[in-house]
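The values are calculated or read from the model by the stated rules, or taken from the named source; none is laboratory data. None of the values given here were measured: they were computed from a predicted structure. Here the Cβ positions follow ideal geometry from the backbone for every residue, glycine too, while neighbour counts run over all protein chains shown.
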Amino acid sequence: MRLNKYLGESGACSRREADAAIAAGRVTVNGEIAVLGMQVGDDDDVRIDGESVGSARKRTRPVYIALNKPVGVTCTTDRRIVGNIVDFVGHRERIFMVGRLDKDSEGLILLTNDGDIVNEVLRAAHGHEKEYVVTVDRPVTDTFVRGLAAGVDIGDAVTNPCHVRRVGPKTIRVVLTQGLNRQIRRMCKALEYRVVSLRRVRIMHIKLGDLPLGRWRDLSDDEIRGLQPPLDRANARKAR
């Protein structure tokens, strides 16, 4: 199979991260620096940063967890970075994030060893919802709410319309279907507000709920089914 798919199914990283690691020269196959697009098999010696990567672990030990990430934890699988999310979780299996949550933000993030779910959740065309509670540095006005909801020019993009609701004098709930880098912070800055705190409370049908800050839990069977590609969900129903 293609190397990025192999890495994704091994639980080493997502396919996107695999492509970045390969391009950076961090991946070797049988002692040689790997290249994008190459094919590998279970008999090949595949390594990231010198660490051996096994074959598709998700087939025998699938992992799907929800973490309430604290501020200060970095969403990266690069364990050379102090405060990386993999070491913070300390799971016995090799796992990676489904998307990201910036270092200055807290709240819900999913981790798995199933690269197919990563692709399903992150594909922009699917328009999956993510919900945030955001506190800003001054009182929320109707103009501010309408401006965020209509879409904001953040320099390199104009954000899609989104749902925004005021829930306190300086607090709003925002539901996005995009995943641009530091999107809410940049939207607020463009409208002359500064984000004081940002917490993600929902990804699609999965809610943060009362999960304590810094703790993680396994997803339920129903939560996992809702993340799977449509064909996988249909096959799962047939198998029941």
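So here's what we get for this one:
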quantity: Any hit, the range 119-141, residues being in contact with a Pro (Cβ under 8 Å, 6 or more places away or on another chain), of a type in the set (A, V, I, L, M), crowded, with 16+ Cβ neighbours inside 10 Å and over 25 Å from LEU227 (Cα atoms); calculated: yes
quantity: From the options GLY72, GLY99, residue that is in contact with a helix residue (DSSP H, G or I) (Cβ under 7 Å, 6 or more places away or on another chain), at positive phi and not acidic (Asp, Glu); calculated: GLY99
quantity: Meets criteria (of a type outside the set (Asp, Glu), under 17 Å from the mean Cα position of the chain (by Cα), at positive phi and not assigned by TED's automatic domain parsing to the domain that holds ARG100) for ARG182; calculated: yes
quantity: Elements of type strands (runs of 3 or more DSSP E) contained in the range 25-98, each with 2 or more residues being surrounded by 17 or more Cβ atoms within 10 Å (Cβ to Cβ) and not hydrophobic (A, V, I, L, M, F, W, C); calculated: 64-69
quantity: Members of the range 170-199 that are in contact with a strand residue (DSSP E or B) (Cβ under 6 Å, 6 or more places away or on another chain), more than 24 Å from LEU122 (Cβ to Cβ) and not aromatic (Phe, Trp, Tyr); calculated: LYS170, THR171, ILE172, VAL196, SER197
quantity: Within the range 97-143, considering residues that are in the same structural domain as VAL86 (by TED's automatic domain parsing) and among the polar types (S, T, N, Q), the one modelled with the lowest pLDDT; calculated: ASN119
quantity: Those residues of the range 73-90 which are in contact with a strand residue (DSSP E or B) (Cβ under 7 Å, 6 or more places away or on another chain) and at pLDDT 90 or above, in sequence order; calculated: THR74, CYS75, THR76, ILE81, GLY83, ASN84, ILE85, VAL89
quantity: Candidate set: the range 198-222, residues that are without any contact (Cβ under 8 Å) to a residue 60 or more places away in the chain and within 23 Å of GLY179 (Cα to Cα); chosen: the one farthest from the chain's Cα centre (by Cα); calculated: GLY209
quantity: Of residues in the range 197-240 being hydrophobic (A, V, I, L, M, F, W, C) and more than 27 Å from LYS170 (Cα to Cα), the one modelled with the lowest pLDDT; calculated: ALA234
quantity: Filter result for ILE117 (over 19 Å from GLY209 (Cα atoms), in contact (Cβ under 8 Å) with a residue 40 or more places away in the chain and within 17 Å of the chain's Cα centre (by Cα)); calculated: yes
quantity: Pairs with Cβ under 6 Å, 6+ apart, first in the range 172-194 and in a loop (DSSP other than H, G, I, E, B), second crowded, with 18+ Cβ neighbours inside 10 Å and among the β-branched types (Val, Ile, Thr); calculated: TYR193/VAL136
quantity: Flag if ARG57 is modelled with pLDDT under 95 and touching a Cys at 6+ places or on another chain (Cβ under 6 Å); calculated: no
